[in-house]
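Here's the structure, in structure tokens; my notes come after.
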Amino acid sequence: MINKPDFLHPCLVLGTGFHRWVLGESMAGDFRPLLDWNELLLAVACEMQVPLNRTDHNLALHWEQLLATARHEQGFDRRPDGRPEKPAVNQVEAIAKKKAADLLSKLNDTYPSNSQRAVFPLHARWGAVVSLNFDAHWLANHSLSWGPLSKDSPDLCSIRGKGLALRSELLRLNNHVVLPHQNSIVRRLWFPNGFVRYPRSLRLGLREFGFQPVAIHRAFIALKAFERATGSFEQRYCFIRAGLEGVSTLNRFFVEPKLPLTWVTEMLYRPVCFAGTGMSDAEAGLWWLMVQRARNFAGIRPEGRPPAAILVKQDDPRLPFWRTRPCGIEPLICATWDEGWEQVLSWGEQLPIGTTHS
């Protein structure tokens, strides 16, 4: 077991609240579809000439209503025999996702990506960034090639060939953007809900949110198989550090078994901080993962467990819930967002980070 805390570089999990902080009140009005899924759905409906009202309820379910309405309202296509035919719902969804991606992509040119706030996720302390948003406008001046980790990325229990929905989950699990290196530490940016450059990958509806826990479970099974194959905790920890951070002094551990690298791997083994996201009940997949994470570290002394935190404003109505520390997630309570994001950075900087482990 670990004699002292010696953590990996932490994982920063971003939501739309990050964009709100970067843009501030003065610019927020110009970026409404980026900041508010309600606005995005309404904009997509407008583009498709489909009537849709604003909702205060489940937005993922509202997307499904948009698709059903669009299919009903869309004109008929013609089959080869001349008979009229309605487009299938999945065809309507592909069109809607493309329009959503186009709407978000148009905002890239005017996003203040060079501002001091926008570069927050590029701080050297972060070992990985998981964006629950669909874009990386704050990374506009860097390469945004969203590609697989390697040609031999783990199959994750044969997800391939199990239908379009699960193949899309494999894309979201394995694909990443390489962030600029800091101190020779390899860092990755992940998009569990899809990336605007691949419109079909966008997770907008309740149907696709329903597939997420299944895919996370598959990734988790692959990780448990890896753990069982690596023997002692000490050896496993060296494998993990070598696989996640590419520590050159641990090259001897780049042998079988290979660490199955996904965003699930990053969040399971690293300290995690949620910022700009309220982790709503709709995020069933993330909650499942955090429960499994807590169970995974239950046998380790509390001071040796990679910590988890979430940024919460003091007037948030869910603050009493966060004070219960669900899944071990500690609330970072702030009066203002400027103060809050400073707390997030301070939290990351105070963690005892190691570069070797013996």
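The values are calculated or read from the model by the stated rules, or taken from the named source; none is laboratory data. Treat the numbers as computed from the prediction; the structure is a model and nothing was measured. Because the Cβ atoms are built from the backbone with ideal geometry, glycine has one as well, and the counts that use them run over all protein chains shown. Please note that ligands, DNA and RNA were not included when accessible areas were found on the heavy atoms of the full protein model with its side chains. Shrake-Rupley method; radii C 1.70, N 1.55, O 1.52, S 1.80 Å.
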Test of understanding: among 39, 64, which residue is more than 30 Å from residue 119 (Cβ to Cβ), modelled with pLDDT of 90 or more and charged (D, E, K, R)? 64
One residue is enough: does the range 225-236 have a residue meeting the conditions hydroxyl-bearing (Ser, Thr, Tyr) and at pLDDT 85 or above? no
Flagged in the range 214-248 as open to solvent by less than 20 Å² (accessible area, probe 1.4 Å), within 16 Å of residue 296 (Cβ to Cβ) and free of Cβ contacts under 8 Å to residues at least 24 places away in the same chain, in numbering order, are 227, 239
How about the range 258-358: which helices (runs of 4 or more DSSP H) wholly inside it have at least 3 residues that are touching a residue at least 24 places away in the same chain (Cβ under 8 Å) and of a type in the set (A, V, I, L, M)? 263-269, 284-296
Of all residues in the range 102-141, which are farther than 18 Å from residue 309 by Cα, under 20 Å from the mean Cα position of the chain (by Cα) and among the basic types (Lys, Arg)? 117
So residue 32 fits all but one of (1) open to solvent by 60 Å² or more (accessible area, probe 1.4 Å); (2) part of a helix (DSSP H, G or I); (3) modelled with pLDDT under 90; what number is the exception? (3)
Regarding residue 214, is this residue more than 22 Å from residue 353 (Cβ to Cβ) and at pLDDT below 85? no
What are the residue pairs meeting all of these: first residue in the range 109-125, first residue open to solvent by 60 Å² or more (accessible area, probe 1.4 Å), second residue of a type in the set (Val, Ile, Thr), Cβ atoms under 6 Å, and 6 or more apart or on different chains? 117/22
Scanning the range 182-207 for residues that are free of Cβ contacts under 8 Å to residues at least 60 places away in the same chain and open to solvent by less than 40 Å² (accessible area, probe 1.4 Å), which turns out nearest to the chain's Cα centre (by Cα)? 203
Looking at the range 289-303 only, could you name the residues that are loosely packed, with under 15 Cβ neighbours inside 10 Å and over 19 Å from the mean Cα position of the chain (by Cα)? 295, 298, 299, 300, 301, 302, 303
For the range 134-156, what are the residues that are crowded, with 16+ Cβ neighbours inside 10 Å and modelled with pLDDT of 55 or more? 134, 135, 136, 137, 138, 139, 144, 146
Scan the range 298-312 and give yes if some residue there is out of contact with any strand residue (DSSP E or B) (no Cβ under 6 Å at 6 or more places or on another chain) and of a type in the set (A, V, I, L, M, F, W, C), otherwise no. yes
Taking residue 337 as the residue in question, decide whether it is under 23 Å from the mean Cα position of the chain (by Cα) and open to solvent by less than 50 Å² (accessible area, probe 1.4 Å). no
Odd one out for residue 286 among (1) open to solvent by 40 Å² or more (accessible area, probe 1.4 Å); (2) under 14 Å from the mean Cα position of the chain (by Cα): (1)
For the range 39-56, enumerate the residues that are open to solvent by less than 90 Å² (accessible area, probe 1.4 Å), without any contact (Cβ under 8 Å) to a residue 24 or more places away in the chain and not in a helix (DSSP H, G or I). 50, 51, 52, 55
Residues in the range 157-181 that are at pLDDT 75 or above and open to solvent by less than 10 Å² (accessible area, probe 1.4 Å) total 6
Pairs with Cβ under 7 Å, 6+ apart, first in the range 12-35 and closer than 17 Å to residue 196 by Cβ, second of a type in the set (Ser, Thr, Tyr) and assigned to a strand (DSSP E or B): 14/131
